[in-house]
Amino acid sequence: MSAEDFQIEDKIMATFAPSSEVELDSRLGFQAAEFVRTHHRMLIDGNFVPASSGKTFPVYNPATGEVICHVPEADHNDVDKAVVAARRAFDSGPWSRVSPSQRGQLLWKLADLLESHTEEFAELESLDNGKPVSVARIADVPLAVDLFRYMAGWTTKNLGSTIPLSAGQDFLSYTVREPIGVVAQIIPWNFPLLMAAWKLGPALATGCTVVLKLAEQTPLTGLRLAQLIVEAGFPPGVVNVLTGFGEPCGAPLAAHNLVDKVAFTGSTEVGKLIAKAATGNLKKVTLELGGKSPAIIFPDADMDTAIAGAASAIFFNQGQCCCAGSRLFAHEAVFDQVISGVSEIAGKIKIGHGLDPATELGPLVSEEQFEKVSAYLSSGREEGAKIGSGGGRYSDRGYFIQPTVFHDVRPDMKVVAEEIFGPVVVAQKFSSDADLEKLAAQANDTVFGLAASVWTRDISIAHKMARRIKAGTVWVNCHNVFDAALPFGGYKQSGWGREMGAEVLNNYTEVKAVTVKL
Ligand code: ADP
């Protein structure tokens, strides 16, 4: 049988089916298959180990709901071992003696290794998370590679300053930036590899050591990355990678007394728990949380661009982005055109298994998310929202949701007020009477403040809106544009601190002021 004889579904089943007895056949063409079938281990103190309890938990393919493999289920004992290893590596181990330049070389090496495995990582991400492999190949993996390279450059530029004292000439004062220490990092499932990179990059660039807890729904790329971290030559204990659930693994990690800082990305609800857990030893906390970001279309915008952009703002990654453009505001003069345009795009999106090269929209990550988003679809209907497109599940197998456009919505509706984290947009109209102040107030009428996009040809409106919007990111005539050099993070309940850019380095360093009486 040749690989061409397989339909894509058969090919996926033959390679990744739960109890697949099929011998691995290189003609099947999936580079991720070998890793998926290995005996998965966590990385603690330079060794690949099972959970100390011996327990494992299943990993699911969200396109079929089937189990694809099992990974170790870490608990507080494993957390303890990992934190002690990270502590030792930081305090007395090799990491404290590694020069900034060597740290940069290690990060660069990691980036090179990751890049050389792009296809394997894209497939793993697609299989585990559900996202289209075509997207993972051009977004998730290259952005992670780029982040490591960008951070490699910062290792040698972690500068302090000299400060003139008003007390007189007889003093020399300067500041140094020192690594904060042992960092606990807890990440979500929507961009598993990229979130790992966002977290690891700045921690390692500044000289911290890390215990990284992967999301229980999507542990595969993080476990594979752990192998590359060892291959790149990071000393034992510098990066420890755990697989486990929130309560038994994430909570003791966030509360651990030997941890100096916790960096979390996930839901606002869990973010608040993390902040509380950190109070025991007052460890530093950064949080990258939820959003309900507005996309605002003015009547003078280039309509083709704005409509396609608004659709992509919400449907990218199945809407599972904290900065998804989930509240669409369009001027009354163009509202109908926008709704029909976005709905038409939604109706044409090719939905399917992420590993199918033709797929544009995959399943949601898990049954739990599927149930959650389905409940919002029912709630929207019950509260009287009109449906422009979608509104239900797609296929009776896997966790697929149709891209959905709700319009004629009111601010008090649950679908308008709450983060849905699925491919569901709520559209509202604004009139010519609404001045920018009023419109910005509407856009800001949310507990979140992560991102926004403004679509207009008028440079003055664009900047006036950018100034008025209370969010960490404002895009003009674009949405979901990321760069390792651009800081990202939220106002209000979208979080504390920033990821990426030079800004993130401040979150991983302590500043020491040294004053010398000459
Ligand atoms: P989602 O609701 O989108 O699944 P969560 O905020 O629940 O996102 O999860 C994000 C990350 O936080 C995951 O790695 C998860 O295991 C972890 N987590 C969940 N609950 C806790 C907790 N109480 N303490 C620490 N980490 C947690």
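No lab work stands behind these numbers, since they all come straight from the coordinates. These figures come from a predicted structure and were not determined experimentally. Ideal geometry is used to build each Cβ from the backbone, glycine not excepted, and the neighbour counts take in all protein chains shown.
Of the trypsin sites (Lys or Arg not before Pro) found in the range 123-192, the ones in coil according to DSSP and having at most 14 other Cβ atoms within 10 Å of their Cβ are 157. Taking every DSSP helix (H) stretch of at least 4 residues in the chain, weighting each as -39,500 (n - 2.57) and dividing the sum by the residue count yields a mean residue ellipticity at 222 nm of -10500 deg cm²/dmol. Each residue of the range 131-139 was assigned a 3J(HN,Hα) from its phi angle through the Karplus expression (A = 6.51, B = -1.76, C = 1.60, θ = phi - 60°), giving 5, x, 4, 5, 6, 4, 5, 9, 10 Hz with x at Gly and Pro. How about residue 429: which aspartates and glutamates have a C-alpha closer than 17 Å to its C-alpha, ignoring those fewer than 8 places off in the same chain? Straight-line reach from residue 429, under 17 Å: 300, 332, 336, 408, 412, 437, 445. Shape verdict for the chain, please, from the Cα gyration tensor: rounded (a/c under 1.5), prolate (a/b greater than b/c) or oblate. Oblate is the answer for the chain, as a/c is 1.5 or above yet b/c matches or exceeds a/b.
Which entries in the list 109/199; 414/470; 414/464 go over 19 Å, if you measure between the two C-alpha atoms of each? From 109/199; 414/470; 414/464, over 19 Å: 414/470; 414/464.
Residue farthest toward the positive end of the dipole of the range 378-485, with Cβ of Lys/Arg at +1 and Asp/Glu at -1: which of 378, 482, 402? Comparing the listed Cα positions along the dipole, 482 ranks first.
For residue 60, the amide hydrogen comes within under 5 Å of the amide hydrogens of 68, counting only partners 5 or more places away or on other chains and with H modelled in the peptide plane. Residues 230, 183, arranged from fewest to most other Cβ atoms within 10 angstrom of their Cβ, appear as 230, 183. Here the range 257-386 is treated with +1 on each Lys and Arg Cβ and -1 on each Asp and Glu Cβ, and its dipole about the Cα centre works out to around 680 debye.
A simple count of charges around residue 129, restricted to other residues whose Cβ falls under 12 Å of its Cβ and scoring Lys, Arg +1 and Asp, Glu -1, yields -3. Rounded, prolate or oblate: which fits the range 193-265 when a ≥ b ≥ c are the square roots of the eigenvalues of the alpha-carbon gyration tensor, with rounded for a/c under 1.5 and prolate only if a/b beats b/c? Note, shape of the range 193-265 comes out oblate.
By the beta-carbon count within 10 Å of each Cβ, the least crowded to most crowded order of 75, 91, fewest first, is 91, 75.
Within the straight-line cut-off of under 13 Å between alpha carbons, the aspartates and glutamates reachable from residue 11 are 23, 25, 356, sequence neighbours fewer than 8 places apart in one chain being disregarded. Among 326, 166, 99, sorting on how many other beta-carbon atoms sit within 10 Å of each Cβ, with the fewest leading, yields 166, 99, 326. When both the range 316-352 and the range 123-184 are represented by their alpha-carbon centers, they are found 33 Å apart. For the range 76-172, a crude dipole built from +1 on the beta carbon of Lys and Arg and -1 on the beta carbon of Asp and Glu, taken about the Cα centre, is about 460 debye to the nearest 20. May I ask which residue of 193, 133, 101 lies farthest towards the positive end of the charge dipole of the range 3-289, with charges of +1 (Lys, Arg) and -1 (Asp, Glu) on Cβ and the Cα centre as origin? Result: 101. Cross-link reach is defined here as a Cα-Cα straight distance under 21 Å, omitting same-chain residues fewer than 8 places apart; for residue 512 the lysines meeting it are 157, 261, 283, 284.
Summing +1 for each Lys or Arg and -1 for each Asp or Glu among the other residues whose beta-carbon sits under 13 angstrom from that of residue 487 gives -3.
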